[in-house]
Amino acid sequence: LDVTAQRGVLIRGRGLDSDWGVNLDVTGQPDNILINGRATLSRGSLELARRPFEFESGTITFEGPVDSARMAISATRE
């Protein structure tokens, strides 16, 4: 299964509001799903301990099992 979106993959909840683009290849069996590709942050914010943070950049890299995904996210607070 190929999953592609320039943006519009919305992740919201518990203070998080973010919009992601994805380019993923999903393979495997239901009990062993493998994901290869990347999710890239378009925009986002996070309220943590009642303090707002704005995301500057974000990437999630998938190379096989979901639990091996790597995240690199940068946020600022003024």
Name every residue in the range 61-78 that is open to solvent by less than 60 Å² (accessible area, probe 1.4 Å) and within 19 Å of LEU10 (Cβ to Cβ), in order of residue number.
PHE62, ALA69, ALA75
Please list, ordered by first then second residue, the pairs with beta carbon atoms under 8 Å, 6 or more apart or interchain, first in the range 67-78 and at positive phi, second hydrophobic (A, V, I, L, M, F, W, C).
none
When the range 42-60 is examined, which residues are found to be surrounded by 15 or more Cβ atoms within 10 Å (Cβ to Cβ) and either of a type in the set (D, E, K, R) or within 19 Å of ASP2 (Cα to Cα) (or both)?
ILE60
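The values are calculated or read from the model by the stated rules, or taken from the named source; none is laboratory data. Everything quoted here is computed from the prediction, not taken from an experiment. Cβ atoms come from the backbone with ideal geometry, glycine included; neighbour counts cover every protein chain shown. The accessibility values were calculated without ligands, DNA or RNA, using every heavy atom of the protein model including side chains. Shrake-Rupley method; radii C 1.70, N 1.55, O 1.52, S 1.80 Å.
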